[in-house]
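To start, the structure under review is shown below, and the notes come after it.
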Amino acid sequence: MNVIIQNGRVIDPANGRDEVADVFITDGKIAATAPRDTEVIDGSGLIVAPGLIDIHVHLREPGYGWKETLASGARAAAAGGFTTVVCMPNTLPVADSPSTVTWINERAAETACVNILPTGAISRNLAGEELAPIGSLAHAGVVAITDDGRCIQNNELMRRAVEYARMVGVPVLDHCQDYNLVGKGIVHEGYWSTLLGLPGWPSAGEEVIVARNILLAELCDHDIHCQHISSAGSVRLLREARARGVKISGEVCPHHIALTDESIQNFDTNYKMNPPLRTEADIEALLEAIADGTIGILASDHAPHARFEKEVEFDAAPFGIVGLETELGLFIDVLVHKTGTIDMLRVIEMLTIAPARLLKIKKGTLSVGASADVTLIDPALEWTVDAKSFETVSCNSPFDGWKLKGRAVRTIVAGQTAWKL
């Protein structure tokens, strides 16, 4: 389909653009001139951005289709304004073999309305004991390796993983959790864990692994990306290392800047996540890190669970919340409207070209000839989150009923509308 998007505010950080202009789409590609036989979309009052990228989602398939499927997760991504999502390998079977990665790619091509890019496991079966065949996984098409949901505790094994990743040219994404320090912790160790009698999870349990990853990134001279950073101490470590040019990076999820550990006081399992919600001081540090560029990527950690899995005692409930459909709204609402931490150009940069560069993928740009993945955003639209209307199979969200300002109104993938409000 040929499309002209007229009179929108085009924000394309990859090309340094922020201007009112028209965007042309011909045969699924961004074009330099207006095509014939076109659909005209009025972009007045809207931001026209490169298709958004979420570097951290759990799509659950294969193996856990009652939580999510590639098709439903893709619909949720489109409804959130995302044209490309990177799925984690903690499936059943684990994505630790080329055959599983190939299945995911083929299934996504058949059923998904957005681009789904698989990651491969660092270790076999995510057990942290033996490396997965990293070269073969890269050949099968993974864009990164990670044991997300788990964390390799053996530093020698992690070093070898980073060295292999460097050889095949993929980054390492790491879930930062020291098992010995965290123990059986399920919420942030502090006032509320003590008051409620819940096992505490100290910030140091994250920070020790962030420090380990900094040392390995420097030793191996290769990109290690720390997932879902939640603590002020992690921010300090990342800031110092990046100032020295270490190839270390981090991401922030919306729940870690929108909620504190005070939210757990009613034992609502929708507030149970990994890493846990932390304090106002941690949020202030995360916002400062976003503002000064210490943290350069935003992500959801979309983690769907069926209702019956969350409707248990707090201790027994699984970690995680859905996030694809609320992520952009929360980031705009918190970062732009409420705190003024960054502007819309920076939000879009952190959701497009920044993850694309880390993953070395040809996405996140409106350059002529690029795939016509485009997100139209109304930054002033006020709306109310309704978990029952989500496209995702699950509805485990702590943001149900929240009033937000700013959301995607149309998502275009390869020139085709995948979703519109």
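Just so it is clear, none of the values below were taken in a lab; they were calculated from the coordinates. The structure presented is a predicted model; accordingly, all values stated were derived computationally and were not measured. As a convention, Cβ positions derive from the backbone with ideal geometry for all residues, glycine included, and neighbour counts pool all protein chains shown.
Here the relative contact order of the range 128-213, from alpha carbon pairs under 8 Å that lie six or more residues apart, stands at 26 percent. With 0.36 nm allotted per residue and the present C-alpha distance subtracted, the residue 316-residue 127 stretch has 65.9 nm of extension available. Ranked by how many other Cβ atoms sit within 10 Å of their own Cβ, fewest first, the residues 167, 273 fall in the order 167, 273. For the chain, the relative contact order is 20 percent, taking Cα pairs closer than 8 Å that sit 6 or more residues apart in sequence and dividing their mean separation by the residue count.
Please work out whether the range 51-365 counts as rounded, prolate or oblate from its C-alpha gyration tensor, where a ≥ b ≥ c are the square roots of the eigenvalues and a/c under 1.5 means rounded, while otherwise a/b larger than b/c means prolate and anything else oblate?
Rounded, since a/c falls under 1.5.
In the range 8-66, Cα pairs under 8 Å separated by at least six residues give a relative contact order of 36 percent. I want to verify a result. In a Gaussian network model of the chain, Cα cutoff 10 Å, which of these has the top mean-square fluctuation: 227, 153, 265? Checking each option, the largest mean-square fluctuation is seen for 265.
For the range 51-365, DSSP calls about 5 percent of its internal beta bridges antiparallel. Of the trypsin sites (Lys or Arg not before Pro) found in the range 356-400, those in coil by DSSP whose Cβ has at most 13 other Cβ atoms within 10 Å are 360, 362.
Got a sec? How would 37, 18, 282 order by Cβ neighbour count within 10 Å, fewest to most?
Values: 37 6, 18 16, 282 23.
Least to most surrounded, the residues fall as 37, 18, 282.
Which of 101, 48, 20 moves most in a GNM of the chain, Cα contacts under 10 Å? Looking only at 101, 48, 20, the largest GNM fluctuation is found for 20.
Sparse packing (at most 12 other Cβ atoms within 10 Å of the Cβ) combined with a DSSP loop state is found for the following trypsin sites (Lys or Arg not before Pro) in the range 115-188: 184. Counting other Cβ atoms within 10 Å as a rough exposure proxy, the listed residues 390, 319, 331, 82 run 319, 390, 331, 82 from fewest neighbours to most. Does the range 278-372 classify as rounded, prolate or oblate by the C-alpha gyration tensor (a ≥ b ≥ c root eigenvalues; a/c under 1.5 gives rounded; else a/b over b/c gives prolate, otherwise oblate)? Oblate. Dividing the summed helix terms, -39500 (n - 2.57) for each DSSP H run of n ≥ 4, by the number of residues in the chain produces a 222 nm estimate of -8500 deg cm²/dmol to the nearest 500. Extending 7 Å from Cα along the Cβ direction at residue 180 and again at residue 268 yields two label points whose distance is 3.8 nm. When each of the peptides 334-343, 246-255, 295-304, 58-67 is scored by the mean number of other C-beta atoms lying within 10 Å of its residues, the order from highest to lowest reads 295-304, 246-255, 58-67, 334-343.
Within 9 Å, Cβ to Cβ, of residue 235, how many net charges do the neighbouring residues add up to if Lys/Arg are +1 and Asp/Glu are -1? Value of the local net charge: 0. Summing Lys and Arg as +1 and Asp and Glu as -1 over all other residues whose Cβ lies under 10 Å from the Cβ of residue 81 gives a net charge of -1.
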